[in-house]
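Q: Can you read through this structure? Questions will come right after.
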Amino acid sequence: MSKTILITGASSGFGRDTAETLSRAGHKVFAAMRDVAGRNRAHAEALRGQGLHVVELDVTDDASVEAAVAQVLAQAGRVDVLVNNAGIASAGVTEAFTADQAKVLFNTNVVGVLRTTRAVLPAMRAAGDGLIINIGSVLGRVTFPFFGIYGASKFAVEALTDSFRYELSQLGVDVVLVQPSAYPTNMYTSIQQPADAARGQAYGAVGEIPAKMFETFTQMFSAAGAPNPHDVAAAITTLVATPKGSRPARSVVGQPFGADAVNAATAPVQQGVLDALGLGGLATLAA
């Protein structure tokens with residue numbers, strides 16, 4: 001069955017591939033991105049050329065998000081699926097990042113998810129149906145040194161996703177999480193670097209580790225058998241096609257680095273928390 005799907009951050013990377021893949025699967029896809037008439041004009045035209053709809057949306061701006069969702073609803077009449085993909089990454093000595101840098105990252109990766117979700121939920125609740133797919137990371141479950149701020153944002157997305165899933169479960173709206181591992185996408189070429197370089201230099205040899213980690217990732221991404229970013233689009237497409245009530249709460253994609261073990265160990269603990277609160281029924285999506 002064809003669905004109306006809104007995907008944020010769809011100009012490139014996971015978002016672009018997912019938009020194209022879902023469109024080929026027969027869905028009506030609205031590919032959302034910033035600066036459609038400027039920096040992303042070529043991306044927007046390429047997607048329109050494939051039959052996708054393009055909508056201007058900046059997840060850091062309330063008015064932009066509301067206007068974009070209103071445009072989709074006016075054009076399609078509904079939003080069946082929201083894919084919260086837009087995000088930025090950061091890596092480096094954590095002390096060397098400024099508070100302003102952290103605010104920018106969290107405004108995109110965390111508050112952005114809240115903005116877009118709030119914007120689509122009234123229509124989904126009225127329909128008694130809907131699917132929200134949040135793109136997290138294995139770094140929302142396990143911690144890499146030098147990815148502290150980015151990881152913190154993805155840990156926050158974990159909490160938001162769980163809370164939304166429980167609160168919406170009896171209203172017919174499903175909320176799930178995809179946890180990608182490291183993949184060769186443009187996220188690594190535009191990664192946020194520490195603004196306070198002197199702080200990083202004060203770490204001596206330890207401060208040189210992030211650059212060596214990047215070198216290792218670069219070699220891994222260019223080697224034979226490198227991870228294929230399309231894995232993420234395929235996982236999202238599978239979630240969209242999976243019958244309501246049967247979707248896993250979390251889907252690890254790529255090398256898990258133990259995130260799958262954390263998921264398995266945490267699930268019964270979290271259910272126990274709900275049961276202790278007398279809210280165990282919220283863990284099951286109502287038909």
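The values are calculated or read from the model by the stated rules, or taken from the named source; none is laboratory data. Bear in mind the structure is a predicted one, so any value in this text is a computation, not a measurement. Here Cβ is always computed from backbone atoms with ideal geometry, including for glycine, and neighbour counts include all displayed protein chains.
Q: For region 137-179, enumerate the residues that are under 15 Å from GLY258 (Cβ atoms), buried (at least 19 other Cβ atoms within 10 Å of the Cβ) and of a type outside the set (Phe, Trp, Tyr).
A: The answer is SER137, VAL138, LEU139, GLY140, ARG141, GLY151, LYS154, GLU158, GLN179.
Q: Of all residues in region 86-99, which are buried (at least 24 other Cβ atoms within 10 Å of the Cβ) and either within 17 Å of LEU177 (Cβ to Cβ) or in contact with a Ser or Thr (Cβ under 6 Å, 6 or more places away or on another chain) (or both)?
A: ALA86, GLY87
Q: Among helices (runs of 4 or more DSSP H) lying entirely in region 80-194, which contain 1 or more residues that are β-branched (Val, Ile, Thr), in contact with a strand residue (DSSP E or B) (Cβ under 7 Å, 6 or more places away or on another chain) and under 22 Å from ALA10 (Cα atoms)?
A: 112-127, 148-168
Q: Separate question: When both residues are 6+ apart or on different chains and their Cβ atoms are under 9 Å apart, which pairs have a first residue that lies in region 240-253 and is in a helix (DSSP H, G or I), and a second that is β-branched (Val, Ile, Thr) and surrounded by 13 or more Cβ atoms within 10 Å (Cβ to Cβ)?
A: As it stands, the answer is VAL240/ILE5; VAL240/VAL81; VAL240/VAL83; VAL240/ILE133, since those pairs meet every condition given.
Q: So which residues in region 1-37 are at pLDDT 95 or above and among the hydrophobic types (A, V, I, L, M, F, W, C), if there are any at all?
A: ILE5, LEU6, ILE7, ALA10, ALA19, LEU22, ALA25, VAL29, PHE30, ALA31, ALA32, MET33
Q: Further, regarding this structure: Could you please find all residues in region 207-244 being over 25 Å from GLN193 (Cβ atoms) and in contact with an Asp or Glu (Cβ under 8 Å, 6 or more places away or on another chain)?
A: HIS230, ALA233, LYS244
Q: Here is a follow-up. Looking at ASN263 and the list (1) over 30 Å from ARG165 (Cβ atoms); (2) surrounded by 15 or more Cβ atoms within 10 Å (Cβ to Cβ); (3) not small (Gly, Ala, Ser), which single condition is not satisfied?
A: Single failed check for ASN263: (1).
Q: Among ALA283, ALA261, ALA241, which is the only one that is within 22 Å of the chain's Cα centre (by Cα) and under 19 Å from LEU82 (Cβ atoms)?
A: Among ALA283, ALA261, ALA241, only ALA241 is within 22 Å of the chain's Cα centre (by Cα) and under 19 Å from LEU82 (Cβ atoms).
Q: OK, next. Quick check: anything in region 205-228 under 21 Å from the mean Cα position of the chain (by Cα) and farther than 25 Å from SER90 by Cα?
A: Checked region 205-228: no residue is under 21 Å from the mean Cα position of the chain (by Cα) and farther than 25 Å from SER90 by Cα.
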